[in-house]
1. One residue is enough: does the range 170-177 have a residue meeting the conditions in contact with a Lys or Arg (Cβ under 7 Å, 6 or more places away or on another chain), closer than 23 Å to VAL74 by Cβ and assigned to a loop (DSSP other than H, G, I, E, B)?
2. Quick check on my filter: what residues within the range 208-237 are of a type in the set (Gly, Ala, Ser) and either more than 9 Å from the ligand (Cβ to nearest atom) or under 17 Å from SER23 (Cβ atoms) (or both)?
3. Given the criterion among the β-branched types (Val, Ile, Thr) and within 18 Å of the chain's Cα centre (by Cα), identify the matching residue among VAL74, VAL93.
4. Of everything in the range 290-324, what is under 20 Å from THR237 (Cα atoms) and within 12 Å of the ligand (Cβ to nearest atom)? Give them in sequence order.
5. Which residues, counting only those in the range 285-312, are farther than 15 Å from LYS40 by Cα and without any contact (Cβ under 8 Å) to a residue 60 or more places away in the chain?
6. Enumerate the pairs (first residue in the range 142-164 and outside any helix (DSSP H, G or I); second residue anywhere and open to solvent by 80 Å² or more (accessible area, probe 1.4 Å)) with beta-carbon separation below 6 Å, excluding pairs fewer than 6 apart on the same chain, so at least 6 apart or on different chains.
7. For the list (1) assigned to a loop (DSSP other than H, G, I, E, B); (2) more than 16 Å from the ligand (Cβ to nearest atom); (3) in contact with a helix residue (DSSP H, G or I) (Cβ under 9 Å, 6 or more places away or on another chain), I need the number of the one condition that GLY87 fails.
Amino acid sequence: MEQSGWKDGIENLESFPVRVSASWVMERARHVQINIEAIKELADRWERSFNPIQWHNEVHFFDGTEKTLFWIFVLDTLNFCFWPDPGKPAWTVVYRGKNFSGYMALAASLKRAIEEAVPVTDPAFLADIDIQTVKWIFRGKGDLPLMEQRVQNLRELGRVLLEQWNGSVMSMVEEARQSSASLVRLVVDSFSSFRDEASYDGRKVYFWKRAQILASDIFHAFEGKGPGAFKDIHLLTACADYKLPQVLRVLGVIQYSDELARRIDSLDYLKPGSPEEVEIRSATVVAVEKIREFLEKRGIFVTSLEIDHHLWELGQKDEFRRYPYHRCRTVFY
Ligand SMILES: Nc1nc2c(c(CN[C@H]3C=C[C@H](O)[C@@H]3O)cn2[C@@H]2O[C@H](COP(=O)(O)O)[C@@H](O)[C@H]2O)c(=O)[nH]1
C-alpha cells in the first residue's frame, strides 16, 4: 500500500490508507461479511438527512480557546475500552448528580477535573502524571480498565508535545494546514498510542480510530472554524470502535461466521490484531462507505463521519444491544 503524496496535500477518498486497507481486507475476509441487500434497504429507510453532529453537551468542556483544543486531545488520548471483565460492575461516574458510563463518563470526569482545577491541559503535568492522580481523576464506581496504559498515553502526550511543539497543541494542529487527513497522519506519526495499525495476511492495515475521532471532535467542537477549520473532513472514514459493529450486526449489514458469532455472544475475548478483530473493524469501515455510496445514489450527500455518528447514537439505545459487542482489550478503541 503506497503512501500517497499527502505531505503536499495530494489526498483523496481513494488514497486514504484506512479506506484502502479496509476494502483490501474485505475482499478476502473469512469470518465476516457485508450484506449489500441490507445496505440497500437501509439507504431506502434512511431517505432523510442526518442530525448534524452536536458537540455541545453537559459533559464536554468548551471555552473556545486552546485549552478546549488541549482538553479534546486528552479526551481522545483516553477514548477507548470502557467495559468491565465479565461479572465486574461497569465503570460509572456521578457528575452534577447524574450517572454516566462509557465515553460520557470519560468526558464528565475530564470536565470535572477542569472544574477542580486539576491541570489536565498542562503538558508538563501530563508528562509526569502518576497512576494515583489518574485514578483520582477517573474516580467513580467500578474500575476504568487499562489504567496503566492510560497513564503511559498521557505521559507520552505531555512529553511529545513539549519536545516537538513547545507544549502547544495549537502549533501541532496548525502544522496540518487545515487538512484533517494530514492531522490524522501527523498524530499517528508522533504519538505511538494513536498508531492504530495491524497486519493481515502479511500486509499492513490502518484504522487510526482515535486519531480520526480527534480530528472529528475538533471539527465539531469548533464548528468548522478556527482550529477546526478542516477543508477535507469528508476524507475521514468511520471510526472502527466496538459499538458500530454491534449496531451494524443488528441492522443485518455485518454478518459473522457461526464460530465468530458464538465467540462474541459468549463474551470470549478476541486477540488484538487477530484476523477476526481486523475483519470486524474493516467491515465497519467498508459498510459505512457502502451506506454513504448508496445514499449518494439517492441524492443524499453525507460524510462517513456523519453516518458513523448516527450509528454510534443508535448504539446508545437498548434495541441495538440485542447482541453483545465484541470484546478486545486494546488502547485503540
Ligand atoms: N465510532 C465512534 N465511536 C465512538 C464515538 C464516541 C463519542 N463521540 C461523539 C459523542 C459526542 C460527540 O458528538 C462525539 O462525536 C465514542 N466512541 C467509542 O464508543 C465506545 C464507547 O461507547 P459507550 O460504551 O457506549 O460509551 C468507545 O470505543 C469509544 O471510543 C463516535 O462518535 N463514533
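1. Initially, the range 170-177 is screened for residues in contact with a Lys or Arg (Cβ under 7 Å, 6 or more places away or on another chain), giving none.
Within the range 170-177, not a single residue is in contact with a Lys or Arg (Cβ under 7 Å, 6 or more places away or on another chain), closer than 23 Å to VAL74 by Cβ and assigned to a loop (DSSP other than H, G, I, E, B).
2. Filtering the range 208-237 down to residues of a type in the set (Gly, Ala, Ser) leaves 211, 215-216, 221, 224, 226, 228-229.
ALA211, ALA215, GLY224, GLY226, GLY228, ALA229, listed by residue number.
3. Numbers: VAL93 fails: within 18 Å of the chain's Cα centre (by Cα).
Selected residue: VAL74, the only one of VAL74, VAL93 that is among the β-branched types (Val, Ile, Thr) and within 18 Å of the chain's Cα centre (by Cα).
4. SER304, LEU305, GLU306, ILE307, ASP308, HIS309, HIS310, LEU311, TRP312, GLU313, LEU314, GLY315
5. Step one: list which residues in the range 285-312 are farther than 15 Å from LYS40 by Cα, which gives 285, 301-306, 308-312.
Of everything in the range 285-312, just one residue is farther than 15 Å from LYS40 by Cα and without any contact (Cβ under 8 Å) to a residue 60 or more places away in the chain, namely PHE301.
6. Note: pairs meeting the criteria are GLY142/PRO89.
7. Every condition holds for GLY87 apart from (3).
Here's the yes/no breakdown for (1) within 16 Å of the ligand (Cβ to nearest atom); (2) not in a helix (DSSP H, G or I):
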residue	(1), (2)
CYS239	yes, yes
ALA261	no, no
SER282	yes, no
VAL285	yes, no
VAL288	yes, no
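The values are calculated or read from the model by the stated rules, or taken from the named source; none is laboratory data. Predicted model only: the values in this text are computed from it and were never measured. Every residue, glycine among them, receives a Cβ derived from its backbone with ideal geometry; neighbour counts consider all protein chains shown. These area figures cover heavy atoms from the full protein model, side chains too; ligands, DNA and RNA do not enter into them. Shrake-Rupley method; radii C 1.70, N 1.55, O 1.52, S 1.80 Å.
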